[in-house]
Amino acid sequence: MTAGLMTAGLGLKAQHYAEAAATDAEGLWFEAHPENYMVAGGPRLAWLEVIRQRWPLSLHGVALSLAADADPDPGHLSRLKALVDRFEPALVSEHLAWSAWDGTYRPDLLPFPRTRAALERIAANVGRTQDALGRAILVENPSLYLDLPGHDFAETDFLAELVRRTGCGLLVDVNNAYVSANNLGYDAGAYLDALPAAAIGEIHLAGHTPDARYGQALLIDTHAAPVAEPVWRLYRRLIERIGPRPVLIERDEAIPAFGELMAERDEADRLLRALAAPEAADA
Amino acid sequence: MPEPLSELGRFQQAFATALAGDAAALAPFGLEAEAAAAGLSVHRNTVARGTIDALATSFPTVRRLVGEAWFEAAARAFIAERPPRERALIDYGGDFPDFLAAFEPAADLPYLAGVARLDRLWLEAHVAADAPAWTPAEAAAVAPEALFDLRPPLHPSARTAWFEALAVPTLWTLCRPPAAEPDAIELAARPEGVLLVRPHGAVEALVLDRASWSLLDACARGVRLGEAADTALAADPGADLPALLLRLVEAGAFSAPPAP
């Protein structure tokens, strides 16, 4: 195994700790939600240490609420910093969304009109976060369910501008792009084509679920199913354009056996390596 | 006077109101209730699911005893009264035991708030700071006459509870997942205490008699072991103190005491 090489990784689930520590696959890495490790001690942190000693780690936050019109919560940010300092993750990421407002935290990633004022606020919040952590973060494109009016920017332009202003990178969730394009009626391929390639530091792949009432017209980013075929196609299109990047299989509901997730991960890995192969042959 | 909200802040306020049920709140932002309905229901569902699941994860024994539907209804009532302020949802639900104690539909389940309290204490023990426990060998190395002057603090993961009327700890121990679901709920009408502690990897539960609980409770207040022993004997004059102390030390209840 090449130390530090990250091809395809898996979201870390507590029920898979022992297998994750014991498995062997070149380029494997793991991603964890820091919120699940904001504890004083105990087996969770002990397992994360074990995994981290073996594999590169990514910390993927869900609760910083970067798109709220409020400064990042200092307590939350300092707990995040403590984890970043302790585990020295290869990647740190958050979402282009908000979840906390007026003292209440909502475990969701909520939308907002992409106005100039929102850009100012979110760029400031990303900047504060990066200053506190002492490193750049990646910002992930959201899954959208509401066609909000009043945007000043397309999402791709908004993300590109955020990159330009803050030096952050992008985490491109291909499933989110597919779900949003489906729900709001635009072309996911064109969306991905418009993202600035150099800024993309990580890719997410996940499964979605049709809404019980609206079916295919309203896809929900549940992470409860294998990666769908159109998402695999978009992933290939993306990496053919931008080249290989660390890619993650996310599964948070209806979690199958570790081996089944590894098989999905191996497919993402194979597609990355297939990209690299022709270049190696040319050289 | 608070600063007037920015446009983004007003949107967030309106969205929060819409999530709470008033879809018309987004009309000033050009989103009519009808157009917003489907998308808002996705967000409402995600928020509710995430919060309820967090409580279900933190209170697995409560959930098993009352069943999924009852638990979900109680969780929804609790969330409406006390929505999460905590961004790490493992911290959410500290008030759930007190809520259940006053929850009218739980009035005929006198053990339920106690079970919730033990689920919560288990979680606190599970995530408490790591520290070595005072070992039986270390305790045995102390001269008997010096022992009673020590003030052994409880281990950082140690949590204790005492139930005067019902043997809730035994019920909780038998019912807590992943233990197999018991055929019948056995609840004795006798006083009982419990120590939850994580000296190594996993949280262990030790059912306590009155003397043991009194001794731990006294040690938690930082008194000399001699004084704690007097408290234990006052609670139960027949208590076998050396055996009782050894059992607690073997369970990892204490951190090594500082020199007197």
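The values are calculated or read from the model by the stated rules, or taken from the named source; none is laboratory data. Small disclaimer: the values here were computed from a predicted structure and weren't measured. Quick reminder, even Gly has a Cβ in these numbers, built from the backbone with ideal geometry, and neighbours come from all protein chains shown.
How many residues does segment A:24-64 contain that are within 11 Å of chain B (Cβ to nearest Cβ) and aromatic (Phe, Trp, Tyr)? Qualifying residue count for the region: 2. So is residue B:105 at the interface with chain A (Cβ under 8 Å from one of its Cβ atoms) and touching a residue at least 24 places away in the same chain (Cβ under 8 Å) or not? Here the answer is no, as residue B:105 does not meet what is asked. Of all the criteria given as (1) outside any helix (DSSP H, G or I); (2) basic (Lys, Arg); (3) touching a residue at least 12 places away in the same chain (Cβ under 8 Å), the one not satisfied by residue A:241 is (1).
Among the residues of segment B:203-220, those identified as among the aliphatic types (A, V, I, L, M) and part of a helix (DSSP H, G or I) are B:211, B:215, B:216, B:218, B:220. Looking only at segment A:187-231, residues that are within 19 Å of residue A:108 (Cβ to Cβ) and among the polar types (S, T, N, Q) come to 2 in all.
Counting only strands (runs of 3 or more DSSP E) that sit completely within segment A:1-86, those holding 2 or more residues that are under 21 Å from residue A:126 (Cα atoms) and modelled with pLDDT of 95 or more correspond to A:30-32, A:57-60.
What are the residues in segment B:122-146 that are part of a helix (DSSP H, G or I) and more than 14 Å from chain A (Cβ to nearest Cβ), if any?
Taking segment B:122-146 first, the residues part of a helix (DSSP H, G or I) are B:122-127, B:136-140, B:144-146.
If the condition is that a residue be part of a helix (DSSP H, G or I) and more than 14 Å from chain A (Cβ to nearest Cβ), then B:136, B:137, B:138, B:139, B:140, B:144, B:145, B:146 are the ones that fit.
Looking at segment A:120-129 only, could you name the residues that are among the aliphatic types (A, V, I, L, M), crowded, with 17+ Cβ neighbours inside 10 Å and within 14 Å of chain B (Cβ to nearest Cβ)? Matches in segment A:120-129: A:122, A:123. Note on segment B:14-64: among residues that are within 7 Å of chain A (Cβ to nearest Cβ), within 23 Å of residue A:63 (Cα to Cα) and not hydrophobic (A, V, I, L, M, F, W, C), the one that is nearest to the chain's Cα centre (by Cα) is B:51. As for segment B:133-145, it holds at least one residue that is in contact with a strand residue (DSSP E or B) (Cβ under 6 Å, 6 or more places away or on another chain) and at pLDDT 95 or above.
Residue-level check: of (1) part of a strand (DSSP E or B); (2) touching a residue at least 24 places away in the same chain (Cβ under 8 Å), residue A:106 misses just (2).
A search for C-beta distances below 7 Å between a residue of segment B:226-250 that is under 17 Å from residue B:155 (Cα atoms) and any residue that is part of a loop (DSSP other than H, G, I, E, B), counting only pairs 6+ apart in sequence or on different chains, returns B:249/B:134. Residues of segment A:78-114 that are over 27 Å from residue B:52 (Cβ atoms) and aliphatic (A, V, I, L, M): A:82, A:84, A:90, A:91, A:92.
Just to be sure I understand, how many residues within segment A:87-98 are more than 16 Å from the chain's Cα centre (by Cα) and either crowded, with 21+ Cβ neighbours inside 10 Å or within 13 Å of chain B (Cβ to nearest Cβ) (or both)? Full working, then the answer.
Filtering segment A:87-98 for residues more than 16 Å from the chain's Cα centre (by Cα) gives A:87-88.
This time we only want the ones that are either crowded, with 21+ Cβ neighbours inside 10 Å or within 13 Å of chain B (Cβ to nearest Cβ) (or both), so: none.
Counting residues in segment A:87-98 that are more than 16 Å from the chain's Cα centre (by Cα) and either crowded, with 21+ Cβ neighbours inside 10 Å or within 13 Å of chain B (Cβ to nearest Cβ) (or both) gives 0.
Looking only at residues that are of a type in the set (D, E, K, R) and in a helix (DSSP H, G or I) in segment B:221-260, which one is nearest to residue B:132 (Cα to Cα)? Top of the filtered list is B:250.
Scanning segment A:150-178 for residues that are within 14 Å of chain B (Cβ to nearest Cβ), closer than 21 Å to residue A:108 by Cβ and surrounded by fewer than 24 Cβ atoms within 10 Å (Cβ to Cβ) returns A:150, A:151, A:158.
Go through segment B:1-76 and tell me which helices (runs of 4 or more DSSP H), entirely inside it, have 2 or more residues that are of a type outside the set (Ser, Thr, Tyr), more than 30 Å from residue B:172 (Cα to Cα) and touching a residue at least 12 places away in the same chain (Cβ under 8 Å). Steps first, please.
Values: elements: B:7-19, B:33-58, B:60-66.
Passing ranges, in order: B:7-19, B:33-58.
The residues listed here are A:117, A:132; of these, the one that is more than 14 Å from chain B (Cβ to nearest Cβ) and either crowded, with 19+ Cβ neighbours inside 10 Å or among the small types (Gly, Ala, Ser) (or both) is A:132.
Quick check on my filter: what residues within segment A:200-221 are closer than 18 Å to residue A:234 by Cβ and outside any strand (DSSP E or B)? Result: A:207, A:208, A:221. Of the residues that sit in segment A:9-36 and are small (Gly, Ala, Ser) and in contact (Cβ under 8 Å) with a residue 60 or more places away in the chain, which one is farthest from residue A:58 (Cα to Cα)? It comes out as A:25.
Condition check: closer than 19 Å to residue A:139 by Cα, under 18 Å from the mean Cα position of the chain (by Cα), crowded, with 18+ Cβ neighbours inside 10 Å and not β-branched (Val, Ile, Thr). Does residue A:221 satisfy that? Against the criterion (closer than 19 Å to residue A:139 by Cα, under 18 Å from the mean Cα position of the chain (by Cα), crowded, with 18+ Cβ neighbours inside 10 Å and not β-branched (Val, Ile, Thr)), residue A:221 qualifies. Exactly one residue out of B:252, B:238, B:201 is of a type in the set (Gly, Ala, Ser) and modelled with pLDDT under 95, and it is B:201.
Within segment B:152-186, track down each residue that is part of a loop (DSSP other than H, G, I, E, B) and farther than 30 Å from residue B:227 by Cα. Even if it seems obvious, please write down each step before you answer.
Step one: list which residues in segment B:152-186 are part of a loop (DSSP other than H, G, I, E, B), which gives B:152-153, B:155-158, B:164-167, B:176-186.
The answer is B:176, B:177, B:178, B:179, B:180, B:181, B:182, B:183, B:184, B:185, B:186.
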